[in-house]
Amino acid sequence: MASRLATADADLLLGDPARSRSRHSCSLALVDRDQPWDIDRVMEFVDARLADAPRFRQRIRRVPFGLARDVWVDDPDFDLSFHVRRSALPAPGGMRQLADLVARLVDRPLEADRPLWELYLIEGVADGKLAILTKTHHVLLGGPNAVDLAQVLAAEYKVSTDEAEVATWTPMPSPGDGVLVLDALMTIVSDPLELVRRSGRLVHAIERATRGIAGAASLAVLRPGGGLSAMFRTERPRGSRVGLASFPLPAAREIARAHGCKVNDVVLAVLCGALRSWILSCGHPLTTADVLRVIVPMAVTTENDSGEDKGDVKSAAIESALIAMPVGEPNPRMRLAQIARETATQRHQGEAVGAKSLARLSGFAPPTLHALGSRAAIMLPSDSYDLVVVNAPGPQHTMFWGDGELTEVYPIPPLLENQALAVSMSSYAGTVYCGFTSDRQAVPDVEEIGELISTALDELAGTAR
């Protein structure tokens with residue numbers, strides 16, 4: 001029998017399709033290969049890797065009369081060429097041009113009657129590299145074994161695209177309407193609450209209200225004045241803009257050692273400094289009391305099935321933490337100290353997973369962790385925070401995409417409801433890569449925030465010396 005969507009996953013399919021950019025996560029990778037790319041071979045490589053992720057060949061089917069939640073079924077007309085698409089940049093193929101193209105691709109809605117993902121092979125990038133943009137709907141991240149498409153395709157070893165073995169795939173027959181109706185009626189008889197549970201909007205409203213009440217005290221304290229929140233909100237979503245930036249991870253580690261804090265604290269402090277400079281450049285005055293209410297999805301460990309700690313890597317769960325980002329504080333040392341205290345007070349909710357543990361998760365885990373972080377933030381009331389920031393540590397050794405080397409990996413965060421800016425960061429092979437997504441009308445100069453990252457890092461490095 002076809003598997004039924006979880007309640008939280010069903011809720012992700014609700015809403016206006018025009019706001020679809022809030023329901024999928026993207027990842028941009030630059031891949032270097034010694035020889036020219038054969039796109040047909042690349043297609044075969046992707047097809048072979050999908051054997052390890054059957055959900056990417058499935059689509060969502062509605063249950064007649066809405067008697068139960070939708071179900072997953074194999075797509076009998078699965079067409080890989082529809083999901084894997086080609087694009088190209090005009091010369092010289094710089095990062096600004098790449099970011100502009102990514103922004104347009106991010107805004108394109110996914111088709112609901114097909115598997116909910118896309119992959120773009122972008123040629124014409126400087127230095128002969130191939131840019132790969134993956135787009136995965138959050139509904140595909142439901143369940144304990146779900147992974148983002150970018151994680152499915154990356155590996156710790158080279159896989160020759162010339163020798164990719166494509167296994168024959170035969171879709172399972174989809175159940176008829178009568179079978180789905182009968183199964184739905186049996187579910188209602190055995191579980192009368194199913195009629196309520198299938199109503200994603202009602203459940204979503206209840207969960208959002210519950211979480212909002214639980215954090216009411218913190219929200220009242222963190223609510224800034226002076227219109228600072230208005231800079232990061234939009235009531236009429238327009239097209240997206242994308243900004244890309246990076247900075248060396250060893251510099252962040254050195255600052256963390258000098259101040260006795262976590263590397264994650266330094267990364268957040270660098271972002272805080274860049275945001276402060278950008279806010280001031282917009283002509284908005286700041287006082288030392290001004291803060292941004294930032295949702296920082298944090299990974300926490302869960303016990304293994306046996307309940308015993310055998311020394312292996314535990315599974316990672318995501319919980320949302322609300323912190324006050326002190327953008328009004330002019331002293332970079334004080335900004336870092338305040339952020340370190342904020343994150344430390346959040347760790348009582350669960351045991352924080354260290355960077356090394358997360359890096360040992362299967363494959364290139366950051367894209368999956370970014371998507372899970374966005375899913376966690378969606379469940380919170382949109383007016384309870386100003387900004388979502390997801391930071392996911394990744395492996396510090398070289399990873400591969402087919403037989404090409406992953407040289408740069410930028411997370412592209414989704415813009416959630418009414419949000420004008422979202423930030424995601426990943427560390428990989430000694431570099432922290434930052435992705436900024438903004439509403440085109442509310443924050444038209446998002447690339448300037450990325451350009452201010454280096455200045456903010458230099459400020460903190462000065463305090464370490």
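The values are calculated or read from the model by the stated rules, or taken from the named source; none is laboratory data. Fair warning: this is a prediction, and the values are worked out from it, not measured in the lab. Using ideal geometry, Cβ is built from the backbone for each residue, glycine included, and neighbour counts are taken over all protein chains shown.
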> For the subset of the range 114-153 comprising residues that are part of a loop (DSSP other than H, G, I, E, B), modelled with pLDDT of 90 or more and not aliphatic (A, V, I, L, M), which member is farthest from G404 (Cα to Cα)?
Replying inline: R114
> Do we find that W72 is over 18 Å from S3 (Cα atoms) and hydrophobic (A, V, I, L, M, F, W, C) in this structure?
Replying inline: no
>> Of the residues A91, A103, A112, only one is surrounded by 15 or more Cβ atoms within 10 Å (Cβ to Cβ) and either touching a strand residue (DSSP E or B) at 6+ places or on another chain (Cβ under 8 Å) or closer than 28 Å to F436 by Cα (or both); which?
In response: A103
> Take the residues of the range 397-424 that are under 18 Å from S240 (Cβ atoms) and among the aliphatic types (A, V, I, L, M): which is modelled with the lowest pLDDT?
Replying inline: L416
>> Restricting to the range 428-465, give me the number of residues that are of a type in the set (D, E, K, R) and outside any loop (DSSP other than H, G, I, E, B).
In response: 6
>> For a quick check of your reading of the model, give me the residue pairs whose first member lies in the range 99-128 and is in the same structural domain as W72 (by TED's automatic domain parsing), whose second is among the aromatic types (F, W, Y), with beta-carbon atoms closer than 6 Å and at least 6 apart or on different chains.
In response: L105/Y120; P115/F56; W117/F56
>> As an exercise: evaluate R96 against (1) buried (at least 22 other Cβ atoms within 10 Å of the Cβ); (2) of a type in the set (K, R); (3) not in a strand (DSSP E or B) and give the number of the one condition it does not meet.
In response: (1)
> Any chance the range 369-385 includes a residue that's touching a Pro at 6+ places or on another chain (Cβ under 8 Å), at pLDDT 90 or above and either surrounded by 19 or more Cβ atoms within 10 Å (Cβ to Cβ) or under 20 Å from T136 (Cβ atoms) (or both)?
Replying inline: no
> Going through the range 231-248 one residue at a time, which ones are in a helix (DSSP H, G or I) and buried (at least 21 other Cβ atoms within 10 Å of the Cβ)?
Replying inline: F232
>> Here's a check for you: in the range 225-271, which residue that is of a type in the set (A, V, I, L, M) and without any contact (Cβ under 8 Å) to a residue 40 or more places away in the chain is nearest to G283 (Cα to Cα)?
In response: A230
>> Just to check your reading of the model, which residue among V84, V139, V63, V71 is β-branched (V, I, T) and over 30 Å from M186 (Cα atoms)?
In response: V84
> Here are some conditions: (1) modelled with pLDDT of 85 or more; (2) within 24 Å of the chain's Cα centre (by Cα); (3) of a type in the set (S, T, Y); (4) part of a helix (DSSP H, G or I). S81 meets all but one. Which one does it not meet?
Replying inline: (2)
> Restricting the range 285-305 to residues that are among the acidic types (D, E) and surrounded by fewer than 17 Cβ atoms within 10 Å (Cβ to Cβ), which is modelled with the highest pLDDT?
Replying inline: E303
> Which of the residues spanning the range 421-433 are touching a helix residue (DSSP H, G or I) at 6+ places or on another chain (Cβ under 8 Å) and surrounded by fewer than 24 Cβ atoms within 10 Å (Cβ to Cβ)?
Replying inline: G430, T431
>> Going residue by residue through the range 30-39, is there one that turns out to be outside the structural domain of R440 (by TED's automatic domain parsing), in a helix (DSSP H, G or I) and farther than 30 Å from V423 by Cα?
In response: yes
> When you look at V221, is it over 25 Å from R375 (Cβ atoms), at pLDDT below 95 and part of a helix (DSSP H, G or I), yes or no?
Replying inline: yes
